[in-house]
Structure formats: structure tokens, C-alpha cells
1. Find the relative contact order for the stretch 110-185 and round it to a whole percent, using C-alpha pairs within less than 8 Å whose residues are 6+ positions apart.
2. Of Leu74, Val146, Ser127, which is farthest on the positive side of the dipole of the stretch 61-207, counting Cα position, with +1 on Lys and Arg Cβ, -1 on Asp and Glu Cβ, and the Cα centre as origin?
3. Can you pull the Rg over Rh of the stretch 387-467, Cα-only, Kirkwood?
4. May I ask for the Rg/Rh ratio of the stretch 31-119, computed from Cα atoms with Rh as the Kirkwood radius, given to two decimals?
5. Ala475 to Asn148: extension gain in nm, 0.36 nm per residue of separation minus the Cα-Cα distance?
6. Convert 37 °C to kelvin, take the viscosity as 0.692 mPa s, use the Kirkwood radius over C-alpha pairs of the stretch 110-204 as Rh, and evaluate the Stokes-Einstein diffusion coefficient in µm²/s, rounded to a whole number.
7. Could you tell me the ratio Rg/Rh of the stretch 35-187? Both radii from Cα atoms, Rh via Kirkwood.
8. Could you give the spread of the C-alpha atoms of the stretch 151-250 along their three principal axes, from largest to smallest, in whole angstroms?
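Nothing in this text is a laboratory measurement; each read-out follows from the coordinates by a stated rule. Note that the structure is a prediction, hence the values are computed from the model and not measured. Here the Cβ positions follow ideal geometry from the backbone for every residue, glycine too, while neighbour counts run over all protein chains shown.
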Amino acid sequence: MARCLVFMLLFLISTVGLPVEPPAELLQLGDVGGGRLSVDPSDVLEASRDFGGLTRAEPMAVFHPRGAGDVAGLVRAAYGSARGLRVSARGHGHSISGQAQAPGGVVVDMSHGPGAAARTRALPVYSPALGGQYVDVWGGELWIDVLNWTLSHGGLAPRSWTDYLYLSVGGTLSNAGISGQAFHHGPQISNVYELDVVTGKGEVVTCSETTHPDLFFGALGGLGQFGIITRARIALERAPQMVRWIRALYSNFTEFTADQERLISARGGRSRFDYVEGFVVAAEGLINNWRSSFFSPQNPVKLSALKHHSGVLYCLEVTKNYDDSTAGSVDQEVDALLSELNFLPGTVFTTDLPYVDFLDRVHTAELKLRAKGMWGVPHPWLNLFVPASRIADFDRGVFRGVLGSSTAAAGGPILIYPMNKQKWDPRSSVVTPDEEVFYLVAFLRSALPGAAGTAQSLEALERQNRRILDFCAQAGIGAKQYLPNHKAQHEWAEHFGARRWERFARLKAEFDPRAILATGQGIFRPADSPALVSDS
């Protein structure tokens, strides 16, 4: 088998015209299954960077598997190698701080795999035992492809989403997967029945709440530390046809958060919105470009009421799903819900659109940014879970403090919305604040090219992120990073807390004893791991 691998690599090298020999460590791997191991410079370059654009780290090779058996073969060979070759799974490259990189190792390109052939065999299934329908999907599948597939087979859709659908199933389940539906259905990791996971020993393990539960709950939100998710059994529901999409503005932060928390409180039936989010905006310039940024010119709502407001404003964003059978009552239901809220009069924006178009709304913005050459810029994002009891302090210290007047030039959206902790399974690996309600605050900024020395340069935005984290630490806010990025193991231990860290380390020792998986996270970094190189 090792000889076959040598021939395969030499063939690859000859076809791309490289004048170099394959790395010796690759030649020693032996049997890595039937996938394609590539040392093509274009493959290596692509795998060395990610959406964040903050770091780069070149792997020795990129592996393109055809299925779970190929992934297992590679990991098994890496586990048995002399040095313990590092392996990281990469979905579609949307990590922020090099989490999917494998410096000096092998990146498994999960965007390749069974693909359409597997989808033709994975029709939605109803399970009486589970009390609902589900679909089995490849870990590297995009959520947009899962959505289109399930809609075309029975009008079904996954229950929980992220705001952006061009992310891989395994990637979001390794973190949590959150959006405005999380208050209702929980994050994506709360809507999974079963996983196939390739552990750090190269074993394919099928796990669920009742079968190998340690691995199942460990892998959900486990940052890829215990294995590579190759299959997920996703809960489905009947998809609505249409969405009433509503935004309203607030100048009073206390009223804004009180209304958000009221909307996510437990209430039965249809007497609530289906999605609740929000974001921070600056009043400066809002009158001229708010409507054109998000809604059609035909929207009759005017913003003249805002001329007396300056500084920071807050936008509530909600939706109400409906179809032909409920279209007649949606106006009345929405009006009743809005009547309970305390937004600024005259600032309600409403539009109706198909359910799929709403879910895929960020991709529409992506295409516009790509056309302007703005999608591939660095993205120094910072995502925090903030306890509800301290969200007012966070507003004073960050939105009106650290950011101040720079909110107007924040370089991207700043999201803020609450979630119910009761919808999050405490057995998963995700770390959230110890309160029943906590907020996601996401600074989704982009560094502008040629902006050196300005507030929107990469250096300025990274300094601002550091100031936000320092404020939270000094004020005892108790915030936890979502999509965490810590530099030292003691920081990771503090992130998890003593009890959860002990469990996390135990699972690592059990399922990835040589610490070869997901080394880009920097949690259990081998002593000889090459350092990441900053792109800044």
C-alpha cells in the first residue's frame, strides 16, 4: 500500500509539473484509503488560509476523501506514524482564526466526498421513535444544499439555522450553529439525532444520545477535538412558504433588550415570532441609506422621526412564517405582537419574501461584496456570549464606550440577540454563561484594503477587539467567546471552567490520545507544532 501511495504522489507531481519530491513523512503513511492525497501547490495554498484572513499555515498535503472510510484510513495512518502527523478537517474554509488549518500536517477537504450520489440515497425518513422526520447528510455538505434537497423531497427543512447557509454541516455542529431561531428550537447541535465520527485513532464510531453518548455530546460543539464528523442525522420540520420580515428601531437600550427578552420567553402556539435577532447601528447617516440597504424603494416608511436622534440606535429584527392556510391571519398576528413593543414610532420596516430567500439573505449580500472585491478581505470577527444580567453594562462599556463614535464606521454588522439556555443541552461541549438568558454579541467586521492608519484597518479592528475583551475581563462581565480563539492552554482552561475543562481533557485523551486532530485550534498543540504565520 505504501508503494501505491508513492506512485500516486509521483503521478500527481508529474501531472502538475512540480520539480519537488513528496515529503518523506507522506511516503511513510502507507494505506490512507481510496481518497486523493494532493501536494498540488494550489490545493496547499487554498488550505493554508481561511475566511478570517488573519493567519496562514501550510499543510504538507490536502486529502480529498470519497467517504468516511477514506477519512478513517488517513487518520489511522497519521495516528500510527512515527511523529503523529497532524490532521484537520476543513469544510468550506469559513473559520476565522486558522481553526481548520494543519501546519505541517494534512488538511482533509470535506467539501469533497459522497456529494450528490449520497443525497440520492438519503431521502427524508419519518421515525416514530424520534417523533419526527430526519435526513442523513455528509459532514462536508453545505447547509444550502441540505435545504434545497429536503425542500424538493416533501417540502421539509432543518429546524435550526445559521445566518449564512454556505457553511458545512460538520463545521457548524463542531461549534453550535446559531441564528434567530435558537430561542425556539435551540442551536443546530440541539437538533441532531446521530453522528458518525472518525476519532483520532482512525475509528469510525456511530454515536447518539444512547450509543457512545460521551463522544456524541463531546463532538457537538467540540471544536473538532475528538473526531471528524462524517455523517449527521438532522431533525426536519415542515417548511413554511413565506416570511413576514420586520425591523424596528430603538434609542433606549433597556427597552430594546426588554422587548427582545419578552419575545423569546416561553409562549405556546403561534402567538410569537419565529425568529428574533437585533443589531447595533449608528444614527449618523441612517436616514439616507437605511431603507436602501435592506428594503425595496417602494417601502413607504419614512425615517424623518430619527432626525432628533444621534449616537447609537438598536434594531430589532423579527419574522413571522406563514403559508396559504395562514396568510389571512398573519397581518392580525403581527400587529398584535408589535403592539406590545416599545420601538420608536414610525420606524417599522416590513417586507414579505419566500422562506428560502429569507434564509439565504446573506448570500445575496455576499454576491454584491464579491463583485466589489470586498469578500476576500480580512475578517477580524469577535463573537461573545454575554449574560443577560450584564448586557446593560456591556452596552455602556462597549457600544457607548470602546466603540463610541466609531460605531458609525464599525466595518460590518454588530449583532445582538438573546437565547434561552434551556434550549441548549448541557452535555454538549459548548461553553455558555451560567444564566437562563444570555446574548450573542457578534462584531462581524471587515478590514478595508488600503485603510492603514484608519479606524477600519485590520490593526485598528484587532486592537478594538482586544479592548472589548479587556473591558469584559476587568468589569467581570463573565462573557464567553463563541467560535473561541485563545492563545494558551491556561486560557482555554479558563474558558471552559474547571469541571468542563477536566471533562474536555479526558475526552481528548480517550478519543485523540496523540492530539493529532484540529491542532489549528491551539488547545492541545503538540510541542513541535509549527507556528501560524500572521497575514497582517
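1. Relative contact order, the stretch 110-185: 27 percent.
2. With unit charges placed on the Cβ atoms, the residue in question is Leu74.
3. Taking Rg over the Kirkwood Rh, I get 1.06.
4. 0.97
5. 113.2 nm
6. It comes out at roughly 234 µm²/s.
7. Ratio value, two decimals: 1.01.
8. Answer, in whole Å and largest first: 50, 36, 24 Å.
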